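Read-outs: derived from the displayed coordinates by stated rules, not from any lab. Predicted model, so just to flag it, every value in this text is computed and none were measured. All Cβ positions, even for glycine, are placed from backbone atoms using ideal geometry, and neighbour counts span all protein chains on display.
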Amino acid sequence: MLNIKINDMPLQVLEGTTILDASKNVGLKIPTLCHMNLKDFGIVNQSASCRVCMVEVEGRPALVPSCSELCTEGMIIRTDNIRAISARRTAVELLLSNHPFDCLVCPKNLECDLQALAQELGIRHIRYEGEKLDYQKDTSSYALVKDPNKCVMCRRCETMCNTVQTCGILSAVNRGFDVFVGPAFNLDMVDTSCTFCGQCVAVCPTAALTEVNNTGAVWEALSNPKKHVVVQVAPAVRVAIGEMFDMDPGVITTGKLVTSLKGLHFDAVFDTDFAADLTIMEEASELINRIQNGGTLPMLTSCCPAWVKFFEHQFPDMLDIPSTCKSPQIMMGSIVKSYYAEKMNLNPKDIVVVSVMPCLAKKAEAARPELTKDDHSDVDIVITTRELALMLKEAGVNFAGLPEGEFDQLLGESTGASVIFGTTGGVIEAAVRTAYDWITGESLEKVDFQQLRGIEGIRSATVKVGDMDLRIGIAHGLGNARKLLEDIRDGISQFDAIEIMACPGGCIGGGGQPYHHGDMEIIKKRQAAIYQEDKNKILRKSHDNPYIKKLYDEYLGKPNSEKAHDLLHTHYVP
Ligand code: HC0
Ligand code: SF4
């Protein structure tokens, strides 16, 4: 233990503690900008580049950045004197000196960490206003927009992309005044091996990285009387959107969400969870088929589009391992434009499928040519949780006060198995619930598989299914996924089935969710809410969903039938 003093307060701290953490532990707030410490996921950005967290240490001629400076025995620290406060103000003013002043129309208005700091530090004019950068925005992708003029070189995105996701897309381009973070040679994002996971967007403190905003396209579709506009909502949206309306993290808002969408006048409000049940029917059948007929094992889940992009780019030699199932969002689009269109006597070309997703990669997924049939896409427009919240705010909806609504049938019923898709470990748990019943011919009583749950980056468990030991691997975060896949390729790990989700925590931590501003408790609360929603359901196995049975009886035949393959499966491209 070390003995230190902060602002005259004597303290004991463990060796290795930064001044910032020591201060935080006793309730002292030091402002930060570049700093990021997502402890539960082992994610730390300690570039100390912004100089916003400067403090005074007795005996040191210069101020020190509290985020990277470790406490030492006898250290005497002041976080609150005028010298430290002035230095912070100067650091922020220098950042603002070349920052665009378009806060009113900026996509991060009221969500921007730099704006919040300027407010917190009482900055009312910029003493050093100077030359501005004038780079083109990169709008090359379906998923994200990069505006180098708003980059403050905090390097948070770089840490997420390179250290956590191991994608290696983002690093410093140019030097001195001209510097910003972007891909090598300032390539367009679409020409890189970006997975569009959106984790860089999730942690960017300004609007240097934001999602492509598709809300205009949704408003336009809704106002076109010739279009039948259907909306679907992903599992993780319902446990997060409330945060945008001052509700506590982890509040389940499924019914309010449905009511809000009906209020926007969608012609039908469907649940991606229904399609998640459908995915399990196809995926569990594929797994059993591979196990019983000597097919390729392990089978990897394929519903996370950033993960799909990642393995296409990084493991082109292993493209026979992933399941061929389309993701639930795409399965829903495909079924809407076939089964539902037939039932409703609609021309698929007149239907617009809108998805509300916690994810940016879902925007890019919907545009994949492999997911286009007879000249129409399965899904037409994807908006994030944040974008839907903004639409509802535009419409003046009092979300927290809305009554509970019910999804529309035929594609609105779901089981607990599908809700847990939204968290790491959930897809594979859902698959096990169905595979167990199908392999053993018995009905599984205890459907909670605690051994598959948790937040560690890589997990493994063996589940007894009849006489068989089903070996399961789980990873979330692409760096963890890379490690798991390399171990499989090198023969170090052997599994039958593997679930991978690109975002830390799974979809609950997706790049399109309300900003968590580094508070991991929020992700944990969303996860707890997902499991609670599962518990609240009467039906908790996908194959028990009566509308899924009806879909197979009336239209698809059996899982993995020719028709099911045509509509619900895909292929991957290196
Ligand atoms: Fe997910 Fe999904 S669970 S990827 O995280 O599988 O985005 O929520 O919608 O498609 O269902 C995201 C969330 C989905 C899909 C589902 C899967
Ligand atoms: Fe990297 Fe993901 Fe951002 Fe692409 S979207 S630059 S892969 S963090």
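Report the convex hull volume per residue for the range 157-287, counting only C-alpha atoms, in Å³.
Dividing the Cα hull volume of the range 157-287 by its residues yields 201 Å³.
Per DSSP helix of 4 or more residues, -39500 (n - 2.57); summed, then divided by the residues of the chain. What does that give at 222 nm, rounded to the nearest 500?
It lands at -9000 deg cm²/dmol.
Could you list R88, R489, R526 in order of exposure, starting from the residue whose Cβ has the fewest other Cβ atoms within 10 Å?
R489, R88, R526
Let a ≥ b ≥ c be the square roots of the eigenvalues of the Cα gyration tensor of the range 44-169; is it rounded (a/c under 1.5), or, if not, prolate (a/b larger than b/c) or oblate?
Oblate shape, in that a/c is at least 1.5 and b/c is the bigger or equal ratio.
On a C-alpha basis, how far is the centre of the range 220-285 from the centre of the range 472-517 in Å? Whole number, if you could?
25 Å
Given C167, S193, T206, which one lies farthest toward the positive end of the charge dipole of the range 137-212, if we put +1 on the Cβ of every Lys and Arg and -1 on the Cβ of every Asp and Glu?
Of the options given, the answer is T206.
Rounded if a/c is under 1.5, else prolate if a/b beats b/c, else oblate: with a ≥ b ≥ c from the C-alpha gyration tensor eigenvalues square-rooted, which is the range 137-212?
Judged from the Cα gyration tensor, the range 137-212 comes out rounded (a/c under 1.5).
For K483, give me every one of the aspartates and glutamates with a C-alpha distance below 20 angstrom, ignoring sequence neighbours fewer than eight places off in its own chain.
Within reach: D40, E158, E312, D317, D320, E456, D496, E499.
Go through K108/K393; K226/K349; K363/K537 and tell me which ones have a Cα-Cα distance over 21 Å in this structure.
Checking Cα-Cα distances, K363/K537 exceed 21 Å.
Could you give the dipole magnitude of the chain about its Cα centre, charging the beta-carbon of Lys and Arg +1 and that of Asp and Glu -1, in debye to the nearest 20?
1080 debye
Which of I508, I522 has the fewest other C-beta atoms within 10 Å, and how do the rest follow up to the most?
I522, I508
What's the FRET efficiency of E406 with K550 using the Cβ-Cβ distance as r and R₀ = 30 Å, to the nearest 0.05?
Once the sixth-power term is evaluated, E becomes 0.95.
Assign unit charges at the C-beta atoms only (+1 for Lys and Arg, -1 for Asp and Glu), then state the dipole size of the range 2-97 relative to its Cα centre in Debye, rounded to the nearest 20.
Result for the range 2-97 is approximately 280 debye, rounded to the nearest 20.
What is the fewest-to-most order of S223, S334, S193, S460 by other Cβ atoms lying within 10 Å of their Cβ?
S223, S193, S460, S334
Using +1 at the Cβ of each Lys and Arg and -1 at the Cβ of each Asp and Glu in the chain, identify which of G176, I500, Q532 lies farthest towards the dipole's positive end.
So the residue furthest toward the plus end is G176.
Give, in whole angstrom and from largest to smallest, the semi-axes √(5λ) of the equivalent ellipsoid of the chain, with λ running over the eigenvalues of the Cα gyration tensor.
43, 27, 22
Figure the gain on full extension for E445 and N536 (residue separation times 0.36 nm, minus the Cα-Cα span) and round it to one decimal in nm.
Gain on extension, E445 to N536, equals 31.2 nm.
Classify the range 464-574 from the C-alpha gyration tensor, please: rounded if a/c falls under 1.5, else prolate or oblate depending on whether a/b exceeds b/c.
oblate
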